[in-house]
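Trainee: This is the structure I want to talk about, given as structure tokens.
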Amino acid sequence: MDFVFNTISFRSNLITNANALATGTDDAAQASPCSPAPIADFWSKQGSNNFESLKMICEGASLNMKNGTHNGSTSSNTYAWVLNGAVSTGSSDFEPLVQYNVPGRYDVTLTATNSNGNGSKTRPGYVMVSSDLAMDKNYRYYDAMEAGPGYSFFADNEWVMINEGANPGNGWEKVNYGGYKSYGAARCNSGGSLRYERFFMVSPSYDLTTVSNPLLEVKFAYAQRTNQPFIEQNDQLQMYVSTNCGESWQLRGMK
């Protein structure tokens, strides 16, 4: 190290008295205490619903919010929750248990404050509360992707699309081509996705109590983007079912 400082001219400036004074690293310098404002963060990992951007529950159910605030001394923080749509729309608890009785989709906001300032985090539409009554109670269910509004849950935007990839342009979408004996389909664009990225389509709820031996049929197609052997292409199409408004899920098929 001494050799570098003493023989390379542009490095030797690092150890001059003038540079030590300019950078606050001289022997008389005193470090300033680090007193940052908190950075608010939160989530809920209740059930087996591992969506990062959405929590799904039934009306009358509760969610336990987990506090992930960091930066600074969290023990001196105070917390203010804004819980739209909940029975109690505000809380100062560190990790509140929140009950939702009215179906809808609601934002959640957490603000953390200490003597150095505050930080706030909002998750738009983070909680989706569904009715205990199924949206469709027919004896047979058929949701054609090419049907128009009023004739299809898909066309009426009742399906929930969740993109948990880095590219906002990827994920599921409705297209007017590629359907099975029709012009409509749901397409998932995952080109250029990173490993482990996930894209979801969540259907409305169906009442199957009047259907004996129910069977779910899905027509699908898949094509590789390239045949290069060194480019990983191991996408999976997984089908799950939930009996509690999406709070937990069971895998029923994978391709």
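The values are calculated or read from the model by the stated rules, or taken from the named source; none is laboratory data. Since we're looking at a predicted model, the values are computed, not measured. Heads up, the Cβs are rebuilt from the backbone with ideal geometry, glycines too, and the neighbour counts pull from every protein chain shown. These accessible areas exclude ligands, DNA and RNA; they are computed on the full protein's heavy atoms, side chains included. Shrake-Rupley method; radii C 1.70, N 1.55, O 1.52, S 1.80 Å.
Trainee: Output the number of the condition that Asn50 fails; it satisfies all remaining conditions of (1) within 30 Å of Tyr126 (Cβ to Cβ); (2) modelled with pLDDT of 85 or more; (3) exposed (fewer than 13 other Cβ atoms within 10 Å of the Cβ).
Mentor: (2)
Trainee: Shifting gears a bit: Here are Tyr183, Tyr151: which of them is open to solvent by 40 Å² or more (accessible area, probe 1.4 Å), closer than 27 Å to Asn244 by Cα, part of a loop (DSSP other than H, G, I, E, B) and among the hydroxyl-bearing types (Ser, Thr, Tyr)? Quick ask: steps written out before the conclusion?
Mentor: On the way: Tyr183 fails: closer than 27 Å to Asn244 by Cα.
Result of the check over Tyr183, Tyr151: Tyr151.
Trainee: Take Tyr196 and decide whether it is farther than 17 Å from Glu146 by Cα and in contact with a strand residue (DSSP E or B) (Cβ under 6 Å, 6 or more places away or on another chain).
Mentor: no
Trainee: Residues Tyr100, Tyr106, Tyr126, Tyr79: which one is among the aromatic types (Phe, Trp, Tyr), at pLDDT 90 or above and in contact with a Lys or Arg (Cβ under 9 Å, 6 or more places away or on another chain)?
Mentor: Values: Tyr100 fails: in contact with a Lys or Arg (Cβ under 9 Å, 6 or more places away or on another chain); Tyr106 fails: in contact with a Lys or Arg (Cβ under 9 Å, 6 or more places away or on another chain); Tyr79 fails: in contact with a Lys or Arg (Cβ under 9 Å, 6 or more places away or on another chain).
None of the others qualify; the one that does is Tyr126.
Trainee: I'd like the residue in the range 169-180 that is in a strand (DSSP E or B) and under 24 Å from Lys55 (Cβ atoms) and, out of all such residues, is farthest from the chain's Cα centre (by Cα). Full working, then the answer.
Mentor: Going through the range 169-180, the residues in a strand (DSSP E or B) turn out to be 171-175.
With the extra rule that they be under 24 Å from Lys55 (Cβ atoms), the set shrinks to 171-173.
Values: Gly171: 13, Trp172: 15, Glu173: 18 Å.
Among them, the one singled out is Glu173.
Trainee: Select, from Met145, Met161, the only residue that is part of a strand (DSSP E or B), under 28 Å from Leu194 (Cβ atoms) and within 29 Å of the chain's Cα centre (by Cα). Talk me through it step by step, then tell me what you get.
Mentor: Working: Met145 fails: part of a strand (DSSP E or B).
Result of the check over Met145, Met161: Met161.
Trainee: Also: On the given criteria, is Ala166 open to solvent by less than 100 Å² (accessible area, probe 1.4 Å), of a type in the set (A, V, I, L, M, F, W, C) and not in a loop (DSSP other than H, G, I, E, B)?
Mentor: Judged against the criteria, Ala166 is not a match.
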